[in-house]
């Protein structure tokens with residue numbers, strides 16, 4: 001049974017309190033998340049660090065999957081390929097827009113475009129795969 005925006009927000013807050021990504025939208029095999037950017041997310045040189053961008057992509061993918069199959073904690077990342085396209089703006093939120101390309105019994109595959117607020121062009125593109133547990137509802 002699909003999970004709602006509210007259910008996913010509550011699950012992430014309870015199970016991943018360290019996660020700062022905000023779930024903006026979920027549904028129709030897609031999701032949008034937003035990561036606030038501050039000094040803690042910057043690397044030397046004043047740009048958003050790669051691990052922050054990878055986290056946003058991973059969370060966006062996880063949220064899109066939960067929106068389709070429900071709250072399944074043991075859906076786990078098996079691969080994540082990220083292409084960094086341009087320098088994000090320092091101190092501008094990062095928005096991740098995910099679209100699931102495949103949702104099978106055991107695997108889900110999706111792509112995520114990452115945007116720095118204020119820039120029209122994406123700053124990164126990711127493709128990821130999640131393994132889904134066999135005993136899910």
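Below are the figures for this structure:
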quantity: Checking residue 118 against (1) over 12 Å from the mean Cα position of the chain (by Cα); (2) more than 15 Å from residue 53 (Cα to Cα); (3) at pLDDT 95 or above, the condition it does not meet; calculated: (3)
quantity: Among residues of segment 20-48, those that are surrounded by fewer than 20 Cβ atoms within 10 Å (Cβ to Cβ), within 16 Å of the chain's Cα centre (by Cα) and either free of Cβ contacts under 8 Å to residues at least 24 places away in the same chain or part of a loop (DSSP other than H, G, I, E, B) (or both), counted; calculated: 7
quantity: Of all residues in segment 121-137 being surrounded by fewer than 16 Cβ atoms within 10 Å (Cβ to Cβ) and at pLDDT 95 or above, the one that is nearest to the chain's Cα centre (by Cα); calculated: 125
quantity: Condition check for residue 27: under 24 Å from residue 129 (Cβ atoms) and in contact with a helix residue (DSSP H, G or I) (Cβ under 6 Å, 6 or more places away or on another chain); calculated: yes
quantity: Some residue of segment 93-115 being in a helix (DSSP H, G or I), in contact (Cβ under 8 Å) with a residue 24 or more places away in the chain and within 17 Å of the chain's Cα centre (by Cα); calculated: no
quantity: Single unsatisfied condition, residue 71 versus (1) more than 16 Å from residue 12 (Cβ to Cβ); (2) in contact (Cβ under 8 Å) with a residue 60 or more places away in the chain; (3) in contact with a helix residue (DSSP H, G or I) (Cβ under 7 Å, 6 or more places away or on another chain); calculated: (1)
quantity: Condition met for residue 51 (out of contact with any strand residue (DSSP E or B) (no Cβ under 8 Å at 6 or more places or on another chain), outside any strand (DSSP E or B), touching a residue at least 40 places away in the same chain (Cβ under 8 Å) and under 15 Å from residue 19 (Cβ atoms)); calculated: no
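The values are calculated or read from the model by the stated rules, or taken from the named source; none is laboratory data. Nothing here was measured: the structure is a model prediction, and the numbers come from that model. So basically every Cβ, Gly included, is an ideal-geometry build from the backbone, and we count neighbours across all protein chains shown.
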